[in-house]
Every structure is written in C-alpha cells, then in structure tokens.
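Asker: The structure's right below; bear with me while I get my questions together.
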Amino acid sequence: MEPKPSSERRSQQIRPAGITALPVEILARCFFFLPEELFGRLSILHVSRTWRTTAFSFPETWSVIRISQGDPSAHLFLNLVLLNTASYPVDFHFTSSAMLGTSSEDMSLVVAEHLERFRSIAWTASPMDAMPLETEAPFLEHVSGRILFPIASRFLGGVPGRLRSLELDRLCLPRRCPALATLRHLKSSVYARESGFLHMLFDICPQLESLDLGMMIKDPAFQPRGPAPQSLRRLRLEIIDCGSDPRNDANCKDLYSLCRSWRLGPLLQSLELVTFSLTVTDMYLSLILDGADSLAVLTDSRTCITARHTGGKNRTKCLRSHVPGDVSKIAKSLAASTLADLRSLAITSDVFRRFTSEGGVLPALTHLHLIVNRGQWVPARSDAPPWTHLYALAQMPQLEAVDIDVRHSEDALDNTRWLPALPNAAHAQSLLATLAAGLTHHVTVSIRGFPPDVAGAVSLPL
C-alpha cells in the first residue's frame, strides 16, 4: 500500500494546483473584496503575471477608485489604471488626506484627460479652481466636492448627457449650458459677483427635483426667476450673510417673496428656509402652515419651526435660524395663524406659555409634546406658579396624549441666571397639581426628565 503524504506535503501539492486551476472569472470576482483604495488594489498587480492580466482584463475591478493616501505618484497610477481598463465607468473619490502627497493640479489633469470614463466624481481634497471639463462624458451622473471654477457653456462637451447631480462649493452659471438640462439635484452656494446667469437657473435646469442654495444675494435681479420647474420636490434656501445686519427683516421678506414668485408646484414635498436670525412673521408662517396637521416649534440655542402635512402628500416645510428667535414674536404670530387642522404639536414651554396668553387655540389637537428647557420650570415671579399655561389644556377637547420632556443641565447652577440646574420635588408636585386641575377629560400623560430621587418623593394627585 502506498503511504499517505503528510499534511504539510499535501498542502504544498494542493496550493499551486488550486491557484493555477482557479478560473480567471472567479479570481476577478475575488478582487472585488479588496479595499476600494487605489493603492490597496494595485498590490494585486505584483503577485503574478496571471493576476496582473486578470485585473486589467476585468475592468469591473476598478469600477470604484478611492485615493486617500498621500503619494506623489497617485495621479500616475490613476492614469495607468484608466489606460489599461477599456471603457468601464468609474466612480472616483479623491479625499483631503491624499493631498499630503499629490497635487490637486496633477490629479485634475488626469481626470480631465479621461473624463469619458467617470460615472461619478467626488472631490473633497483642496479646492479645484481650474479643470477643463469640456469633453463629453457619456457616463457621468454625479459631480460633487470643493469645485470653484465657473461652469462654461461647453461644460461636458456642451451636449446633454446623463448628469443628474451637481454639488459645488460655488455656482457660476453661463447663459446657456446644454449639459445641465438633465440635472435633477443641485446644491451649492452663490455669491452676487460670481453668480453669472443665476437668474436663468430654471431655464438652464428645467428638470430640477431637488435644489439647495446658500445665497449671498440681496438684489432680486440676480436671484433665480420663477416659475420653478413643476418637477421640484425638495427646496432648501439659506440666506448666509444676514448676521446682525439691521436689514434682517428685509432679507427674510425677500426670501418669502422669492418663494412666492417661484409658484412652487404641487409635487413639492420638502421646503426649508434658513436665515442667520429668523424674524418670524404672519406671512412667513402662512407659507409653511397652510393645511399642516403636525407642527414643531423649537427654540433654544437655535430656532426651528417645522410643519408636516401628512394628509396624502406627506410634505414638510421648515423655518430655521442659526441663533435664537424672539419667543414673543413667534408666539404672537402662531396665535394669529389658523391652526384649526393641527393634530400634533411639539413646542418649547416658553413659546407655549406666550401662545396661550395671546389667546391661541388648538381645537383639533390630539397630541401635545411640551419641551421644558433648562430653567423653564422656575416661575417668572416668586408668587406665580410655573405651570399656569397648562390650564389651557382644558380648551383642547380632542386632546388624547400629553408628553412633557423636562431637560436640564448636570451643572450645579445655571451660571447665566443663577437658577437651579435640576428640577426638585416642589416643581414636580406643582406640575402634577396643575395637570390634574387643567385636564377635564381622560388624557394619557407622560413626564420625563425629573431625577429618580425627585420622582420617588412625589405623591400623585387622586
């Protein structure tokens, strides 16, 4: 009988036979499990001639290329791969860490030379302020990143292709650009001196579905002219230069007027208007509250007013600012608004207090989420209970649930007001007594945020 080979000898016999016998299609498929980083995949070229031939024979191996490692020869390796992999479309990512070794100019020249190969370009390295993207790119669908150069009429060969998404640091439009006619998503910042023909945006991009613009433009002559495409589903506009400018009110009104002039279509699902300092007015609220059945009014370090329309269309409209708004003005405008259909409301306690004092009514409200920010459980005057505004719950006949979320600091004191950082048992007992007196029918109440020792020391009213 012939002796069996040892396990070591057996492995030496099987290993080369297995590699040699492996079909190249399976070997190429294995390459997909390698990291997408360019230098990680380049390592397979040095294993053997078979591996190198297989890697270049199956261009899908290079369908995603990421360059995030600093190497002065990165652009040369990218050029090598693109020259040897036929015409398969490539998703290309060039990140900031790669700039430790490769210059933006060298890499941009390689990208421009092989533009017809790319399906997407994500450029998050140093700003690209010059790249001759004037050759046709039949595969290109997405371009994003720190791209500052103005778009020319010959952009992507001056012909419509597959471009769907464009996200740039700055936008400067030509009078005519056929390559943008297929654009569905646009995100960028625009500045008055560099906006070009921004006022013709909707003529240049007639199929937009999503638009996100940060604008430093006050002159209506430079702003996009309406009407907006009826295909528009998501719109975000931000005035990014208001600051403490005394013309803040005018800027907000301009943003309101701009939206009105665009005659936004029925397909719009999401609207967000952002300013540095939000001046809430009745006309502003009328823009977002029309038919809303859910509303969130949050004021703390920033202001955010979000209305949702879930009746078949599921639309969201939002006003947002980077600094706190005037609580009194917000509450007064809310009280003057028509909220007859509102069924759900999330609101900070200080706004709700002023809303009720202004005579605001919520006849259809079923769910109230009250957010009590730091210090708002302390009465404004020593002789006034802090929860008196909850008596207004008796005027909400459809109310089914109340959620009260008490938020506090872990510090011993609020250094700005010298208020207790944690609500105590007296605050909790006062809240429960007010709820018991204010609720005239069965309502599910949930209270969160009181420390465990406080909750254990409170007696529930019968």
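Asker: Where Lys and Arg each count +1 and Asp and Glu each count -1, what net charge lies around Val443 among other residues with Cβ under 12 Å from its Cβ?
Answerer: -2
Asker: Using only protein heavy atoms and a 1.4 Å probe, report how much of Arg146 is accessible, in Å² to the nearest 10.
Answerer: 100
Asker: Top to bottom by accessible area (1.4 Å), largest first, where do Trp51, Trp387 land?
Answerer: My answer, sorted largest first, is Trp51, Trp387.
Asker: Would you mind computing, in nm to one decimal, how far apart the modelled labels at Leu76 and Arg164 are, each placed 7 Å from Cα along Cα→Cβ?
Answerer: Calculated label separation equals 3.7 nm.
The values are calculated or read from the model by the stated rules, or taken from the named source; none is laboratory data. All of these numbers come straight from a predicted model, not from anything done at the bench. In this analysis, Cβ positions are derived from the backbone assuming ideal geometry, glycine residues included, and neighbour counts consider all displayed protein chains. Accessible surface is based on the protein model in full, side chains and every heavy atom, while ligands, DNA and RNA are left aside. Shrake-Rupley method; radii C 1.70, N 1.55, O 1.52, S 1.80 Å.
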